[in-house]
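The next block holds one structure in the form of C-alpha cells; read it before the comments.
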Amino acid sequence: MVLYDSATLGGSCSGSSSSSSSSKPPPLQQRQQTQQDIDGLLAGAGYRVRSSELRKVAQRLERLETAMVNSPADLSQLASDTIHYNPSDLASWVDSLLSEFTQPPTCPSEFIMDPETNQTVVSDAWTTAEPHMPQVHQNISYQQQSLNNQLTVDNQLTVVTAMEEDSGIRLVHMLMTCAECVQRGDFSLATSCLEDMQGLLTRVNTVCGIGKVAGHFIDALSRRIFQGIGGGSINGGSAYENEILYHHFYEACPYLKFAHFTANQAILEAFDGHDCVHVVDFNLMHGLQWPALIQALALRPGGPPLLRLTGIGPPSPDGRDSLREIGLRLAELARSVNVRFAFRGVAASRLEDVKPWMLQVNPKESVAVNSIMQLHRLLGSDLNRNSPIETVLSWIRSLNPKIMTVVEQEANHNQPGFLDRFTEALHYYSTMFDSLEACTVQPNKALAEIYIQREIANVVSCEGSARVERHEPLSKWRTRLSGAGFRPLHLGSNAYKQASMLLTLFSAEGYSVEENDGCLTLGWHSRPLIAASAWQAVSDGPADFPA
Amino acid sequence: MVQNHRREDHETGGENKEKRPKFFINDHVDILIEILERLDGRSLCIAASVCRLWCTIARNDSLWENLCFRHVSPPPSSVRSVVLALGGYKRLYTGCVRPVRSRLGRVRRASWARDEVQLSLSLFCVDYYERLGGSNSNGRLVEKSSPSSLMFLCKPVNV
C-alpha cells in the first residue's frame with residue numbers, strides 16, 4: 001500500500017501546508033505495519049486516512065463542526081476551491097479548514113492522554129508537532145500497560161488510550177479479512193494476516209476487552225490454518241477437565257445458574273401432584289442442578305415424591321465411575337432432607353448412542369427430560385444415517401415426558417458459510433467476555449475463560465463431525481421442535497421472578513432477563529446469550545392408545 | 001443492646017437509692033431471650049461475645065430462625081428439618097439470607113420477601129452439596145480451593 005505521499009502534501013493546501021505538515025509524522029519513519037496503513041473501510045468510500053490517525057481526524061472533525069457552528073464570521077471563504085485541493089486526503093483537508101478559523105477551538109473537554117507521560121494534554125495545541133501516536137507505538141512499556149490494567153480493574157471502566165482503540169478497531173478489521181481469506185481458501189494471505197495480527201496484539205491490552213477476545217479468535221484461526229479442521233487437541237480434553245471447567249464457568253457467571261434454576265422451576269411445576277417422578281439429565285457433570293430441585297421437592301406442599309434421576313455422561317477413562325459418585329452425593333443430600341431418591345447413570349460418549357431402553361422408564365411415572373446445551377451437538381449431519389437430532393427427538397417423544405426443558409446458546413453458529421459464522425461468533429463471544437469482566441473471583445474467571453475459549457476454538461477451527469458447537473437461535477429450535485411433535489409450554493411468572501432475583505444478586509448490572517413468547521432469555525445489555533424453553537410432546541390423537 | 005440498658009435502668013430506677021442493682025439480666029434468661037430475638041444479625045453476633053451465657057443463647061438456632069423469617073409469614077414446619085439438615089439457620093442467615101436481602105434491598109418489591117427466602121434456601125442447598133463434595137475422601141470432584149457457589153454473594157456490590 002502507498003505511504004502518505006509527500007507529493008500531494010504540497011498540492012493539497014497551499015495556504016496552510018506548513019501547519020498540516022508539521023503535525024504529520026515524517027512519512028519515512030520505520031513502522032511495522034506499513035502496508036496496512038490506510039484504513040480500508042474509508043478507502044472504499046474514497047477517503048485516504050491512515051488508520052493510526054483515525055481518532056485524531058475524528059476529533060478534529062468534531063472541532064471543525066463546533067467551530068463552524070459557533071463562528072460568528074461569514075464562512076464563505078471555506079467554499080474556495082483553490083485552498084481545498086484534495087478532499088480525499090481527509091486529515092489534511094480538515095487541518096486546512098481548521099486553520100481558517102482564528103478562534104481557538106471551543107471544546108473544553110477535549111483531552112488526549114499523552115501515552116508516554118500519561119498526563120492529559122489539552123488538545124488545542126493541534127498545530128504543534130508533539131510526539132504523536134505513530135512514534136510512540138514502540139515506546140509503550142509494560143508498565144504503561146499494567147497501569148492501564150490497574151485502572152481498568154479499579155474503576156471498572158475501560159481506560160483505553162487513543163492508540164489502543166485504533167488498534168482494537170484494526171484488529172477486528174484484520175480478523176474479518178483473515179476469515180474471508182480462509183473462506184476463499186487463500187491460506188497464504190491468511191497466514192500473513194495472522195502474523196500481522198499477532199504483531200498488533202502486542203500493542204493492545206490483552207487482559208480485557210477486544211484484545212482478549214481477539215487473541216482467542218486469532219488462536220482459533222491459526223489452529224484452523226495450521227492444524228486443519230479435525231479438532232485435535234481441542235476436542236481431546238478429558239471428561240474430568242471438562243467437568244472442572246464447566247464448574248468454574250458455573251461459578252463465574254450466571255448463565256448456567258439461570259439455566260438450572262429456570263429448568264428446575266419448570267420441572268417442579270410440571271411435577272405438581274405426581275408422586276412418582278423421573279428426571280433424565282442429558283449431561284450430568286457434577287449434578288449441580290439437582291440439589292435445588294431435591295430441596296424444592298422436599299418442601300413442596302403435600303410432601304416429596306419418589307424421585308428417580310438418570311444421569312447421562314461420558315464414560316470415565318481410568319476406571320472411576322464418576323457418574324456413580326455424583327449419584328451417591330445426590331443420594332446423601334436427598335437422604336438428609338428426607339426425599340426418597342434413586343439414581344442411575346448411563347455412560348455414553350455421544351448422546352445419539354443412548355437408547356431409550358437404557359433409561360428404564362417406568363410407565364407409571366412422570367418423566368422430565370432436561371437438556372442443558374446438549375441438543376445442538378446433534379445437529380451435525382451425517383449423510384450415511386438418519387440425522388441424529390431427529391432420532392433423539394423421536395425417542396424422547398416416545399417416552400411421553402411431562403416436560404422437556406431445553407436450554408441453548410442464543411446464537412447462530414451453525415451457518416454453512418464460514419465468514420458468517422465467524423462474524424456471528426465474534427459478536428457473541430465478545431459480549432460474553434464483556435459480561436465475564438464483572439466477575440473478579442479467581443480462579444473461576446480464568447478457568448471460565450478457558451471453557452469459553454474451547455467453544456470458540458470448536459466453532460471456528462473445526463468442521464464436520466469434529467464441530468459439535470452448532471448453536472442455533474431460539475427461533476430455529478422452535479421450528480425444529482414443533483416439527484418433531486412438541487408443543488411449547490410457557491415458563492410462567494414464577495420462573496421469571498426467580499430469574500430476575502437471581503440476576504439482581506450478581507454484582508454486575510448489565511445482565512437482563514427477557515421473556516420471549518413463553519421462553520426466558522438471559523443476556524448482557526439486551527443481547528440475549530442463552531435461552532431457556534419448555535416443551536411437551538403433542539399427543540398423537542384420539543385414535544392412538546395412550547402409551 | 002440499647003434495649004437492654006433501658007430495661008435495666010427501668011428496673012433499677014426504683015432501687016437507685018440503695019446503690020446496689022437487684023436486677024441482673026442473666027438471672028432472667030427468658031427475658032434475655034426475648035430481647036435477643038429482636039436483634040438484627042450483626043447485633044446478635046456481637047451479643048454472642050458478651051459472656052458465656054449469652055454466647056450459648058445466641059448460638060441457639062431458633063433465634064436465627066426468627067431472623068430468617070422475620071418479615072415473612074411463618075413457613076411450614078417441614079422447612080425446619082430441611083434447613084437443619086443442610087447446616088442450620090445461623091449458616092443459612094449469614095451465608096444466604098443476609099447477603100440476598102441486602103443485595104435485593106435496592107430493588108426489592110414487597111412481594112419478593114418470601115421468594116427471597118426460597119431463593120436463599122435453594123442457594124443454601126447447592127452450597128451444602130458442594131461442601132459434601134469437598135469432604136469426600138476422594139476430593140477430586142470439587143477442588144478445595146474453588147469457592148462455593150455462594151461466593152458471588154460475598155463480593156462487594158458494584159455500584
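No lab work stands behind these numbers, since they all come straight from the coordinates. Because the structure is a prediction, the values reported are computed rather than measured. Here the Cβ is made from the backbone with ideal geometry for all residues, glycine too, and neighbour counts use every protein chain on show.
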By counting other Cβ atoms within 10 Å of each Cβ, how are B:61, A:37 ranked from fewest to most?
B:61, A:37
Ranked from fewest to most other Cβ atoms within 10 Å of their own Cβ, A:250, A:496 fall in the order A:496, A:250
As an exercise, use a Förster radius of 41 Å and the Cβ-Cβ distance of residue A:227 and residue A:487 to find the FRET efficiency, rounded to the nearest 0.05.
0.40
Which whole-Hz ³J(HN,Hα) couplings does segment B:69-82 yield from phi under the Karplus relation 6.51 cos²θ - 1.76 cosθ + 1.60, θ = phi - 60°, glycine and proline marked x?
9, 4, 9, 10, 5, x, x, x, 5, 5, 5, 4, 5, 5
Roughly how many nanometres apart are two label points built 7 Å out from the Cα toward the Cβ at residue B:84 and residue A:496?
4.0 nm
For the cross-link pairs A:257/A:364; A:212/A:257; A:402/A:476; A:364/A:497; A:56/A:212; A:355/A:445, which exceed 27 Å when the distance is taken from alpha carbon to alpha carbon?
A:257/A:364; A:364/A:497; A:355/A:445
Least to most buried among B:22, A:445 (fewest other Cβ within 10 Å first)
B:22, A:445
Taking 0.36 nm per residue of separation between residue A:65 and residue A:275 and subtracting their Cα-Cα distance, the length gained on full extension comes to 68.3 nm
Express in nm, to one decimal, how much length is gained between residue B:52 and residue B:113 on full extension, taking 0.36 nm for each residue of separation and deducting their alpha carbon distance.
18.6 nm
Taking every other residue with Cβ under 15 Å from the Cβ of residue A:360 and scoring Lys and Arg +1, Asp and Glu -1, one gets +2
Phi to ³J(HN,Hα) by Karplus 6.51 cos²θ - 1.76 cosθ + 1.60 over segment B:85-90, Hz, x for Gly, Pro
5, 8, x, x, 6, 4
Starting from the 7 Å offset along Cα-to-Cβ, what nm value, one decimal, do you get for the label separation of residue A:350 and residue B:71?
5.4 nm
